[in-house]
Amino acid sequence: LSIFAYSEFTSQPFFVSNFFVELTLIKWYPSDLVKIDRQAKEFNLTRTEYITRCVLDSPVEKNHIFKVNWQTYRIMGQVSRELNQIGNNINQIAKALHTERLEGGTVSAHYPLPEELRAIGTYISSVNKELNMLRLLMVDKDKK
């Protein structure tokens, strides 16, 4: 790969968000830009990212781009909202049962204990958090 087939450098320093940045103008033959763009596209990189990795001897690895199924994304959002509502209902039931016991009322033996309901609510909450993390990963907003 001959990146610097023809180039002229013009540097202008400036600051961006407390960082010193130097803008460099490089003139390329159009045929070289076509080659660079084609190779950058193979790695799902921008022209700048590709050139930077080549010049700095960084490994040029393919960026993974996933196609988002927006219908699935929307359905996952609906499921998340439903899980929130179910969790809220469970917490309200647990609170009502707990209050009934504290006031000396009798709760039927076949009703679940408030502690069991809270455990179910906690589990629903953790499933909901994982579902939302998956939704974020689908749109590549959180790579961790």
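Would you point out the residue of the range 94-119, among those that are of a type in the set (A, V, I, L, M) and surrounded by 16 or more Cβ atoms within 10 Å (Cβ to Cβ), that is nearest to the chain's Cα centre (by Cα)?
Once the filter is applied, the top-ranked residue is LEU117.
Among the helices (runs of 4 or more DSSP H) confined wholly to the range 23-108, which include 1 or more residues that are of a type in the set (Phe, Trp, Tyr) and on the phi < 0 side of the Ramachandran plot? Let's see the steps before the verdict.
Numbers: elements: 30-42, 47-55, 70-102.
Because the criterion is at least 1 residues that are of a type in the set (Phe, Trp, Tyr) and on the phi < 0 side of the Ramachandran plot, the helices (runs of 4 or more DSSP H) in the range 23-108 that meet it are 47-55, 70-102.
Across the range 1-47, which residue is modelled with the lowest pLDDT among those that are of a type in the set (S, T, N, Q) and open to solvent by 100 Å² or more (accessible area, probe 1.4 Å)?
Looking at the filtered set, the residue picked out is GLN12.
Restricting attention to the range 78-93, which residues are surrounded by 14 or more Cβ atoms within 10 Å (Cβ to Cβ), modelled with pLDDT of 85 or more and of a type in the set (S, T, N, Q)?
SER80
The values are calculated or read from the model by the stated rules, or taken from the named source; none is laboratory data. Remember, it's a predicted structure, so these values are computed and weren't measured experimentally. Please note: Cβ atoms are built from the backbone with ideal geometry, for glycine as well, and neighbour counts cover all protein chains shown. Heads up: the accessible areas ignore ligands, DNA and RNA and are worked out on the full protein's heavy atoms, side chains in. Shrake-Rupley method; radii C 1.70, N 1.55, O 1.52, S 1.80 Å.
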